[in-house]
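For reference, the structure is listed below as structure tokens.
We did not get these values from a lab; they are worked out from the coordinates using the rules stated. Remember, predicted model here, so these are calculated numbers, not experimental data. Note that we place each Cβ from the backbone using ideal geometry, even for glycine, and neighbour counts take in every protein chain shown.
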Amino acid sequence: MKTLGFLGPAGTHSEAAAIYLNDQLPEQCQLVPFPNIYSAIRAVELGKVDTCLVPVENSIEGSINITLDILANSDKLKVVCELIWGVHNHLMVKDTSAGVTKILSHAQPLAQCRDFLMNNYPDAELDAVASSAAAAQQVAESPDKSGWAAICTKRAGQMNGLTVLAENIEDHANNSTRFYQLSRNDLTTDWPRTKSLIICQIDGKDAGRLCEVLLEMATRDVNMTRIESRPARTGLGEYIFFFDVDVPARTVNLDAAIQAIRRKSIWLRNPGRFPVVFSDNK
């Protein structure tokens, strides 16, 4: 049986997304939790798992930088699927009669619920921990009447005997996260490959070079849906660009655009064309 890594432990949003995607795959995988995103991706690179599902962008808090940085620096990884996952956060406690004095969660849920926390628990201490599931476990193990609460999934809270104090506390109802399924090899499915990712470093000292790159796509009817930049770590002011593009009806247009952009880049990676799966987790 193939293996699918995810950001653990059990009870995280990443686990829920991995369970959903696994149910859609033509061949079921054994799910393998990892303590962080870096270790999940590295396990794929080293062949310890076949694929992994890792977050790449949240609709409220933006890009997950560690995922982008590893993709930019690896020539072994392919993006084989994108999953759009609706994210719902819940405030869960051990004892509903105790006042909330401390709220624990992963940094992302804490940020996604910032307005709710400021309006309802302005004096509570906020503590970022390794994962929302870890937060639920720590709250469960806290002393009685401690006033600790966790922002987590219902599954994580229920696994640790917690009670819901407030449901769906994310600041925006359409809160969602994009996940990439990464692999060393292409994944065979019947899903149409509608999207592609282009990663490149261009010489920012040349005036208009980014504009030239964008024109290579625009003049060939290649629709860019997202652009992101990250430091190249080779010098101050030097950047790597990430372009999400739709695969056009004439795929030769995308091939031509990639070749033209490659000629204008210091280096370029195109880690595959892949399907986009929309979950029903709304």
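Odds and ends about this structure:
- More than 19 angstrom apart: percent of Cα pairs within the range 26-174: 57 percent
- Long-range lysine pairs (8 or more apart or interchain), the chain, Cα under 16 Å: 10
- MET224, MET118, MET92 arranged by Cβ crowding within 10 Å, fewest neighbours leading: MET118, MET224, MET92
- At most 12 other Cβ within 10 Å, DSSP loop - GluC sites (Glu not before Pro), the range 53-145: GLU141
- Rg/Rg_globular for the range 183-282, with Rg_globular taken as 2.2 N^0.38 Å and Rg from C-alpha atoms: 1.17
- The range 147-169 and the range 241-282 have Cα centres separated by 39 Å.
- DSSP bridge analysis restricted to the range 90-166 gives an antiparallel fraction near 50%, rounded to the nearest 5.
- Calculated over the chain: convex hull of Cα atoms, volume per residue (Å³): 143 Å³
- Structure remark: mean-square fluctuation, Gaussian network model of the chain, C-alpha springs under 10 Å; the largest value among ILE266, ILE64, ILE41 belongs to ILE266.
- Applying a DSSP loop filter and a limit of 16 other Cβ atoms within 10 Å to the trypsin sites (Lys or Arg not before Pro) in the range 79-168 leaves LYS145.
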